[in-house]
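Heads up: the structure comes next, in structure tokens.
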Amino acid sequence: MKVKGLLEMLGATSIWGSVPLMGIWSGLPSGVFVFFRVLFAFPFVFYFAVKKDSLKSFFSLKPFWPLLLSGVMLGVNWIFFFWAVKVTDVATVVTIYYAGPVISILLAALFLKEKMNVFTVLSIFLAFAGVAVSSGGFNIDKGALIALLAAVSYGLLGFFSKVSTIHHKAVTVTAWQVLISIFITLPFLFLADWHFTVNGFLVTLFAGVVHTALALFLWYDSLNYIKVSFASILQYLDIVFAVILAYIFLSQVPTERQILGAVLIVSAGVLISLKEVNVEVRKRKTA
């Protein structure tokens, strides 16, 4: 593992940890904010995808259905996510939201027949326990419910992305997801009541270029130096950065319940990553 890869991964997670602030500071409805975020990001993401792969490969779309569904889920999960941070505190949203990767693992076990072991079962239990704790159990409010919908759609995004990467390069999948999300969120320009301010434009432009394009570049480049399994563990630092930044800039103090929920969900994510490490080790032994 090289220091460069670690620094790039920390850079990506810290940038993503600040993205809830962008959604709030833009002053735009969530669907409109997501539209401009992906619109501003696409030229950079497209260039990166073609540079890493090729233009011919980018337009090799068979099968297209997993790309389409993953693109739809990218737009849907971001709409729910930024809607949630406008309704409730950031700590609740990001904690519940990061149950999404565990939902992806559950879907892969159910539909792709991936084997479940003790790591998987325990991580699923911890993730849903974390969601229950963070959302207040059965007394779930509107913000927590929207965050839960964001988590489910995030899980579906991960699942369809996994299917897509069986047939396409990961960078190509990401570029198509961003492109499809432009069309998915376009109707919100006509359905929502909104207008651009200078501040809103600059914040949204920043979110597209920095929080989407630059962060994705840092993420993919870091994988040249560190293992995907280790990167998956570091990804959960998003929660830490998001809570700290919400405390500094929004004066949102996390409760003991939210902290406990975050610990449970981060633990679930780490266990899933350890499962991937275990699989890699076994493959090497049998190679």
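The values are calculated or read from the model by the stated rules, or taken from the named source; none is laboratory data. Keep in mind the model is a prediction, meaning the values are calculated, not measured. Positions of Cβ are backbone-derived with ideal geometry, glycine not excepted, and every protein chain shown enters the neighbour counts. The protein model used for the area step is the full one, side chains on, heavy atoms only, and it has no ligands, DNA or RNA in it. Shrake-Rupley method; radii C 1.70, N 1.55, O 1.52, S 1.80 Å.
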Please specify each residue of segment 7-28 satisfying the condition of being more than 18 Å from Ile244 (Cβ to Cβ), open to solvent by 40 Å² or more (accessible area, probe 1.4 Å) and assigned to a helix (DSSP H, G or I). Leu7
Within segment 63-90, residues among the aliphatic types (A, V, I, L, M) and either closer than 17 Å to Ile182 by Cβ or open to solvent by 10 Å² or more (accessible area, probe 1.4 Å) (or both) come out as Leu67, Leu68, Leu69, Val72, Met73, Leu74, Val76, Ile79, Val87
With over 24 Å from Val45 (Cα atoms), open to solvent by 20 Å² or more (accessible area, probe 1.4 Å), aliphatic (A, V, I, L, M) and not in a loop (DSSP other than H, G, I, E, B) as the only criterion, which of Ala147, Ala129 stands out? Ala129
Which residue pairs have Cβ atoms closer than 9 Å, lie 6 or more positions apart in sequence or on different chains, and pair a first residue in segment 29-40 that is open to solvent by 30 Å² or more (accessible area, probe 1.4 Å) with a second residue that is not aliphatic (A, V, I, L, M) and not in a helix (DSSP H, G or I)? Pro29/Asp193; Pro29/Trp194
If you check every pair at least six apart or on different chains, which have Cβ atoms under 6 Å apart with a residue in segment 198-223 that is closer than 24 Å to Pro29 by Cβ and open to solvent by less than 10 Å² (accessible area, probe 1.4 Å) first and a residue that is part of a helix (DSSP H, G or I) and β-branched (Val, Ile, Thr) second? His211/Ile15; His211/Val19; Ala215/Ile15
The correct count of residues that are outside any loop (DSSP other than H, G, I, E, B) and either without any contact (Cβ under 8 Å) to a residue 12 or more places away in the chain or surrounded by 22 or more Cβ atoms within 10 Å (Cβ to Cβ) (or both) in segment 133-143 is 2
Any residue that is of a type in the set (Ser, Thr, Tyr) and modelled with pLDDT of 95 or more - is there at least one of those in segment 176-199? yes
Looking at segment 181-206 only, could you name the residues that are of a type in the set (Phe, Trp, Tyr) and either farther than 21 Å from Leu68 by Cα or outside any helix (DSSP H, G or I) (or both)? Phe190, Trp194, Phe196, Phe201, Phe206
Do we have any residue at all in segment 154-173 that's touching a residue at least 12 places away in the same chain (Cβ under 8 Å), closer than 17 Å to Ala84 by Cα and either part of a helix (DSSP H, G or I) or not polar (S, T, N, Q) (or both)? yes
Go through (1) basic (Lys, Arg); (2) touching a residue at least 24 places away in the same chain (Cβ under 8 Å); (3) open to solvent by 40 Å² or more (accessible area, probe 1.4 Å) for Lys51 and report which single condition fails. (2)
Looking only at segment 83-126, filter to residues that are in a loop (DSSP other than H, G, I, E, B) and of a type in the set (S, T, N, Q); which one of those is modelled with the highest pLDDT? Thr88
Would you confirm whether any residue within segment 149-167 is in contact with a Pro (Cβ under 7 Å, 6 or more places away or on another chain), among the aliphatic types (A, V, I, L, M) and farther than 17 Å from Tyr236 by Cβ? yes
Specify the residue that is surrounded by the fewest Cβ atoms within 10 Å (Cβ to Cβ); the eligible residues are those in segment 105-124 that are touching a residue at least 40 places away in the same chain (Cβ under 8 Å) and within 12 Å of Ala268 (Cβ to Cβ). Leu122
Quick check on Lys4: is it open to solvent by 20 Å² or more (accessible area, probe 1.4 Å) and assigned to a helix (DSSP H, G or I)? yes
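Within segment 207-240, track down each residue that is of a type outside the set (A, V, I, L, M, F, W, C), assigned to a helix (DSSP H, G or I) and closer than 24 Å to Lys52 by Cα.
Gly208, His211, Thr212, Tyr220, Asp221, Ser222, Ser229, Ser232
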